[in-house]
Amino acid sequence: MSRKRKIRIVVAKPGLDSHDRGAKVIARAFRDAGMEVIYTGLWQTPEQIAETALQEDADVVALSILSGAHMTLFPKITELLKKKGLNEILVLGGGVIPEEDIPALKKVGIAEVFGPDTHTGKIIEFIKENTRKK
Amino acid sequence: MFDQKRLGEIQKKEKHWKEETLPGWIQNHPERRSDFHTSSNIHIKRLYTPEDIKTVDYVNDLGFPGEYPFTRGLHATMYRGRLWTMRQFSGYGTAQQTNKRFKYLLKEGETGLSIAFDYPTILGLDSDHPMSLGEVGKCGVAVSSLQDMEVLFNGIPLDKVTTSMTINGPATMLLAMYVAIGDMQRVPRKKLGGTTQNDMLKEFHAQKLCIFPPEPSVKLVTDIVEYCTKHLPRWNPISISGYHIREAGSNAVQELAFTLADGIAYVESAIERGLKVDEFAPRLSFFFAAHNNFLEEIAKFRAARRLWAEIMKERFKAKNPRSLWMRMHIQTSGCTLTATQPINNVIRVAFQSLAAVLGGTQSLHTNSFDEALALPSEDAVRVALRTQQIIAHESGVTDTIDPFAGSYCIETLTDEMEERAIKYIDKIDSLGGVISGIEKGFFQKEIADSAYKYQKNVENKERTLVGINEYTVKKDWVPIKLLRIKHQAEKEQIDALQKLKKKRNDKKVKQVLSRLHKAAEHDENLMPTIVQAVKSYATLGEICDVLRNVFGEYKEQITI
Amino acid sequence: MNHNGQLVEGVLKGDRRSIARTITLIENNPSEARKVISKLYSHTGKAQIIGITGPTGSGKSTLIERLVKELRRKGKSVGIIAVDPSSPFTGGAFLGDRIRMQKHSIDGKVFIRSMATRNSSGGLARATRDAVRVLDASGKEVAIVETVGAGQSEVDIRKIAHTVVVVLAPGLGDDIQAIKAGIMEIGDIFVVNKADRENADASVIDIETTINMSWEKKKWRPPVIKTTAAKGEGTTELLNHISLHMKYLENEGFDKQRRQDVETELAEAIKQKTTDSIIGELKRTGELEELIGKILAKKTDPYSAADTLLKERLKGFKTRT
């Protein structure tokens, strides 16, 4: 009996802000789209997030941050993922992230940034599209 | 409010309207939806008539402004006398930068200060703590010690302004610093005016910026209540906050009910401490959100005031009329702001603040239109403040008291909000109170469910959001330059903190911290010792660490 | 070296990425995973396996976090498998047990993995057992399996763990009553967590009474322990009882239990293998379709068809039908 492959996704909040409404809504949407959502909760350090992605063998890491610390924390996370050999993992960013920061974030390995008004369906579609390629 | 005969005539007329006039119109102009309802799922009728408010008793349910049950307002003259306090929440970067922003706002006509602290400060961490990396000064001002507070209030006399501090977990320490600054400026403690948010319960069910577990957290809240009752008569020790509950995703009824339930819990805790209800209740204040549904929001504020007065009178037998007052601060709802077509937010904020004013608020913060993108820029803050000034001086709504009273619709909604909130409060009582409800995950689940439902409603277009699921544009346009917090601020702050640690008297710091440790173990009121600690330049992180050792640390409870 | 070979080598070296990927293989591709497990098998059997089960809200994850803390203080390496249910409608799952243990996630001697039930109790049992084997082979001295005590999964944990700890909490009310029936016979140790709540003592008495009724005067009488995991109270005592139970197993019938477990697993494996190969062949040859047609046409019935088939294929086995 071979079981169906599931998308495993780590939803994490790096940094110190506690605005987890978005992270929770998106986690629920991912679950309702048939994914396995590993929720890590608030105040995750880059090391904790990368290590979680490794141990859970995640396909996707979805980061939500609203405090403005994304330019410090996101690059740290992608760097650690690479260091752990997780080169294929799809890393997404969300939260309050100004347009002008997005190119720099993409350069360090954030696949896409989804702002506050994004339809959850759009994110799910993006994940399905980009994990299929692997 | 109407005599039977007249009501009979109205009923007859309404029946005629429904049978003769309406059907043709509906056939030619079908209604936009089969059902209209508010955020709290309150059904909105096509038309409200005297029939709907026939049970409203003017004297008992509405009364007169400044009199029980305060539905029409707390003050007898309301805005004809004094306008609400225009209080813009602000703070970013270093204490020096925020001091500059404060002075700018005071110059532009703001009437009270409101401090936003950064996340490390809010969580009781010093700026040089590893977890603070990248967060220092980002979402508010960094305050790690009395030294920062000195810079923050440089040139601002504490007897001339009132200050609201959005601080909860470390509220004791920040209030202690404020007291210390007052002492330095030789302002008598009885003259210090302002508010500490100091509402830990809503942190546990909504915002989750907690340092200690629920019980010691409520102990610290109560320490402040007791301390203020005895030493700071002009200070509002708690701002019981629905705002964060709403922002976390609740609907209007949940916001109202959970906030009042928290209020009940604080009153009970202070009474248990041995305080008399009329000693401290007059200084309790509240904080709500003004969301998009104009009618529901006005009703919410009116219902809140009436219900609190009833609770204080009936449940707690308060005698002082001031104990029955629900003084409220309102902030327009941050989560309604859109990142796309941000200039539309100016209009949203205007309607939301109009609802706050029509609801009879004592104090108002208007959000800036660029806040879904970054911390507000100076230009955007000015527009936000001007919005309040336009309502105050141009719209005319401030010239008479509670102008929407008597509206068939508003009075019906006010009753409905109150009834539904009472049901929730009964439910919370049956769960064993707020802390027990938190432990059972009741609030967290209610809020998460509402948040998810809201999102789904937007996505399936049951709820129209302009610029989001309708009337979208391809190319967006942001008319201003966003505020960027330079990384430099973090470095400067850490440098200053480390210099302080070198030059202060470490022996004295150690002594006072060990005294604090003992006091915490012995369940004393910690405020006096914390005042001594901050005056010795013990840092916020050091003080919190002592308490973490005694009280333990908060663990997030997950309910999705 | 092929991919599976790399995984085996990695797991044996304790490489965390290899452990993670092998568990994924177990979840997604059992037949491929079997090859890896068979290579790891001889390296297993060293870890002490603790099962922790109980209803939602009893505070299992917090308790595990405390146990891990103590085990780490004693220098033991720990692996954790946390099982949560998949939604029967969407197949998605929300795996939130880690959140309590995140502090330990960056400790190189701790490995935490969340698994969803994926709506297949038989498959889950196998997957969980194999995942524990991976942790065992990787050198973890203690493996903890956390399951939600409802439905099928609690029975499975009995077969996997040396010691099963059932966690309950006062004030969960009717849940306990409902769950009791299924949960009481699997516990080697009972924990009343959140013991600082009212009614904790009543819960203890309640459980003691139930144990007294069902306990068949075996040598091990399940102890009932009070803990307040959030404050770290009672966890040392719990760990002591877990050790006592291990000692008891070593002295009394550990072998017997192990033989029984192996027998069950072997039987399951044979069942799986025979079913797979026979059904596979019938499909390939088209016989299956043919038989279905016959049954539909009422020329035969499923039982007689199976008899006829097996008689042919299982020559040499004395089957009683």
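The values are calculated or read from the model by the stated rules, or taken from the named source; none is laboratory data. All of these numbers come straight from a predicted model, not from anything done at the bench. Positions of Cβ are generated from backbone atoms using ideal geometry, with glycine treated the same way; all protein chains shown enter the neighbour counts. SASA here: full protein model, heavy atoms, side chains in, ligands and nucleic acids out. Shrake-Rupley method; radii C 1.70, N 1.55, O 1.52, S 1.80 Å.
Quick one: how many residues across the stretch B:215-263 are in contact (Cβ under 8 Å) with a residue 40 or more places away in the chain, among the basic types (K, R) and assigned to a helix (DSSP H, G or I)?
2
Looking only at residues in the stretch B:338-350 that are within 11 Å of another protein chain (Cβ to nearest Cβ) and open to solvent by 10 Å² or more (accessible area, probe 1.4 Å), which one is nearest to B:L375 (Cα to Cα)?
Top of the filtered list is B:A339.
Which condition number does B:Y48 fail, the rest of (1) open to solvent by 50 Å² or more (accessible area, probe 1.4 Å); (2) aromatic (F, W, Y); (3) outside any helix (DSSP H, G or I) being met?
With (1) open to solvent by 50 Å² or more (accessible area, probe 1.4 Å); (2) aromatic (F, W, Y); (3) outside any helix (DSSP H, G or I) applied to B:Y48, the lone miss is (1).
Please find, within the stretch A:115-134, the residue that is surrounded by the most Cβ atoms within 10 Å (Cβ to Cβ) out of those that are more than 14 Å from chain B (Cβ to nearest Cβ) and within 28 Å of B:Y454 (Cα to Cα).
Looking at the filtered set, the residue picked out is A:I127.
How many residues does the stretch A:60-73 hold that are of a type outside the set (A, V, I, L, M), in contact (Cβ under 8 Å) with a residue 12 or more places away in the chain and open to solvent by 10 Å² or more (accessible area, probe 1.4 Å)?
2
Residues C:R100, C:R72: which one is more than 14 Å from chain A (Cβ to nearest Cβ) and touching a residue at least 24 places away in the same chain (Cβ under 8 Å)?
Step by step, each of C:R100, C:R72 is checked, and only C:R72 is more than 14 Å from chain A (Cβ to nearest Cβ) and touching a residue at least 24 places away in the same chain (Cβ under 8 Å).
Residues that are under 21 Å from A:R8 (Cα atoms), acidic (D, E) and at pLDDT below 95: which strands (runs of 3 or more DSSP E) entirely in the stretch C:29-144 hold 1 or more of them?
Of the strands (runs of 3 or more DSSP E) lying wholly inside the stretch C:29-144, those with at least 1 residues that are under 21 Å from A:R8 (Cα atoms), acidic (D, E) and at pLDDT below 95 span C:78-84.
Identify the residue in the stretch C:84-97 that is free of Cβ contacts under 8 Å to residues at least 24 places away in the same chain and surrounded by fewer than 19 Cβ atoms within 10 Å (Cβ to Cβ) and, among all such residues, is nearest to the other protein chains (Cβ to nearest Cβ).
C:T90
Starting from residues that are crowded, with 24+ Cβ neighbours inside 10 Å and small (G, A, S), keep the ones in the stretch A:23-38 and report whichever is nearest to the other protein chains (Cβ to nearest Cβ).
If we take residues in the stretch A:23-38 being crowded, with 24+ Cβ neighbours inside 10 Å and small (G, A, S), then A:A27 is nearest to the other protein chains (Cβ to nearest Cβ).
State all residues of the stretch B:68-80 that are in contact (Cβ under 8 Å) with a residue 40 or more places away in the chain, open to solvent by 10 Å² or more (accessible area, probe 1.4 Å), of a type outside the set (S, T, Y) and assigned to a loop (DSSP other than H, G, I, E, B); if no residue qualifies, say none.
The one that is in contact (Cβ under 8 Å) with a residue 40 or more places away in the chain, open to solvent by 10 Å² or more (accessible area, probe 1.4 Å), of a type outside the set (S, T, Y) and assigned to a loop (DSSP other than H, G, I, E, B): B:R72.
Going by the structure shown, is B:E411 open to solvent by 30 Å² or more (accessible area, probe 1.4 Å), in contact (Cβ under 8 Å) with a residue 40 or more places away in the chain, outside any loop (DSSP other than H, G, I, E, B) and not small (G, A, S)?
Taking the combined requirement at face value, the residue does not satisfy it.
What is the residue count in the stretch B:354-375 for residues that are under 19 Å from B:T85 (Cβ atoms), assigned to a loop (DSSP other than H, G, I, E, B) and open to solvent by 10 Å² or more (accessible area, probe 1.4 Å)?
1
Yes or no: the stretch B:537-555 includes at least one residue that is within 14 Å of another protein chain (Cβ to nearest Cβ), under 30 Å from A:T120 (Cβ atoms) and surrounded by fewer than 20 Cβ atoms within 10 Å (Cβ to Cβ).
Checking the stretch B:537-555: at least one residue is within 14 Å of another protein chain (Cβ to nearest Cβ), under 30 Å from A:T120 (Cβ atoms) and surrounded by fewer than 20 Cβ atoms within 10 Å (Cβ to Cβ).
B:F212 is checked against (1) part of a helix (DSSP H, G or I); (2) out of contact with any His (no Cβ under 6 Å at 6 or more places or on another chain); (3) touching a residue at least 60 places away in the same chain (Cβ under 8 Å) and fails just one. What number does that condition carry?
(1)
What are the pairs, 6+ residues apart or on separate chains, where a residue within the stretch B:459-479 that is under 17 Å from A:G115 (Cα atoms) and open to solvent by less than 90 Å² (accessible area, probe 1.4 Å) has its Cβ under 7 Å from a residue that is acidic (D, E) and at pLDDT below 90?
Taking only residues 6 or more apart or on different chains, the pairs are B:I468/A:D117.
May I ask you to say which residue of B:T162, B:T166 is within 14 Å of chain A (Cβ to nearest Cβ), within 27 Å of B:S241 (Cα to Cα) and among the β-branched types (V, I, T)?
Criteria check complete, one pass: B:T166.
Yes/no matrix, rows are residues, columns are (1) more than 33 Å from the chain's Cα centre (by Cα); (2) surrounded by 11 or more Cβ atoms within 10 Å (Cβ to Cβ); (3) among the acidic types (D, E):
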| residue | (1), (2), (3) |
| --- | --- |
| C:T236 | no, yes, no |
| C:I242 | no, yes, no |
| C:H245 | no, yes, no |
| C:K256 | no, no, no |
| C:D276 | no, yes, yes |
| C:L296 | yes, no, no |
| C:D307 | yes, yes, yes |
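Check every one of the helices (runs of 4 or more DSSP H) wholly within the stretch B:451-560 and list those with 3 or more residues that are polar (S, T, N, Q) and more than 30 Å from B:V218 (Cα to Cα).
B:488-503
It is to be established whether one or more residues within the stretch B:148-156 are surrounded by 17 or more Cβ atoms within 10 Å (Cβ to Cβ), within 20 Å of A:G68 (Cβ to Cβ) and under 20 Å from the mean Cα position of the chain (by Cα).
Among the residues of the stretch B:148-156, not one is surrounded by 17 or more Cβ atoms within 10 Å (Cβ to Cβ), within 20 Å of A:G68 (Cβ to Cβ) and under 20 Å from the mean Cα position of the chain (by Cα), which makes the answer no.
Based on what the data block shows, is B:S323 open to solvent by 10 Å² or more (accessible area, probe 1.4 Å) and within 28 Å of B:E215 (Cβ to Cβ)?
The answer is no for B:S323.
Would you mind stating whether B:L307 is within 20 Å of B:R246 (Cα to Cα) and in a strand (DSSP E or B)?
no
Select from the stretch B:1-40 the residues that are exposed (fewer than 12 other Cβ atoms within 10 Å of the Cβ) and not in a helix (DSSP H, G or I) and list them in ascending order.
Passing the criteria: B:D3, B:H29, B:P30, B:E31, B:R32, B:R33, B:S34, B:D35.
Going residue by residue through the stretch B:119-132, is there one that turns out to be free of Cβ contacts under 8 Å to residues at least 12 places away in the same chain and either within 13 Å of chain A (Cβ to nearest Cβ) or in a helix (DSSP H, G or I) (or both)?
The answer is yes; a qualifying residue exists.
Restricting the search to the stretch B:414-440, which residues are in contact with a helix residue (DSSP H, G or I) (Cβ under 7 Å, 6 or more places away or on another chain), over 22 Å from B:G66 (Cα atoms) and either of a type in the set (G, A, S) or open to solvent by less than 30 Å² (accessible area, probe 1.4 Å) (or both)?
Matches in the stretch B:414-440: B:A421, B:I425, B:I428, B:G433, B:V434, B:G437, B:I438.
Hey, among A:E56, A:E112, A:E88, which residue is more than 14 Å from chain B (Cβ to nearest Cβ) and surrounded by 21 or more Cβ atoms within 10 Å (Cβ to Cβ)?
A:E56
Mind listing whichever residues of the stretch C:186-207 are aliphatic (A, V, I, L, M), open to solvent by less than 30 Å² (accessible area, probe 1.4 Å) and within 14 Å of C:P222 (Cα to Cα)?
Correct list: C:I186, C:I189, C:V191, C:V192, C:V204, C:I207.
Can you say whether B:A95 is within 14 Å of chain A (Cβ to nearest Cβ), open to solvent by less than 30 Å² (accessible area, probe 1.4 Å) and either closer than 17 Å to B:M165 by Cβ or of a type in the set (A, V, I, L, M, F, W, C) (or both), as far as the supplied structure shows?
no
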